[in-house]
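Asker: A single structure is presented below for examination.
Derivation of every value follows stated rules applied to the coordinates shown; laboratory data play no part. On a predicted model such as this, the values are computed, not experimentally measured, just so you know. Backbone-built Cβ (ideal geometry, glycine too); neighbour counts: all protein chains shown.
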Amino acid sequence: MPISENLAKIAPTKDLRELPIAIFLADLITRMNWNPDQFKLLRDCGDLWIEIKTGPTSVGVGNILQGYHYAYQVKLVMDSIQSAGLFD
């Protein structure tokens, strides 16, 4: 699936799709051939956060990304992916 389609699936709004971390995540999903439906970038109560579903009925894992610079956001995204078990 192209990066643009993965980006549209993981970031539901235009302002989220323009974030560098969203583009990074969409590219990573494409390169690793992961299911983009497992990933969501959300803005809730002013905070930007990532959610990764670990199963069909589970809530998943995630981290708040708001307030951190890009390099640390990448680290938090990678930590969430590792916690979700996608590198196993």
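Asker: Restricting to region 77-88, and then to whatever is surrounded by 17 or more Cβ atoms within 10 Å (Cβ to Cβ) and assigned to a helix (DSSP H, G or I), can you tell me which residue is nearest to the chain's Cα centre (by Cα)?
Answerer: The qualifying residue nearest to the chain's Cα centre (by Cα) is VAL77.
Residues checked against (1) β-branched (Val, Ile, Thr); (2) under 13 Å from ILE3 (Cα atoms); (3) assigned to a loop (DSSP other than H, G, I, E, B):
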{"residue": "LEU25", "(1), (2), (3)": "no, yes, no"}
{"residue": "ILE29", "(1), (2), (3)": "yes, yes, no"}
{"residue": "LEU41", "(1), (2), (3)": "no, no, no"}
{"residue": "GLU51", "(1), (2), (3)": "no, no, no"}
{"residue": "GLN66", "(1), (2), (3)": "no, no, yes"}
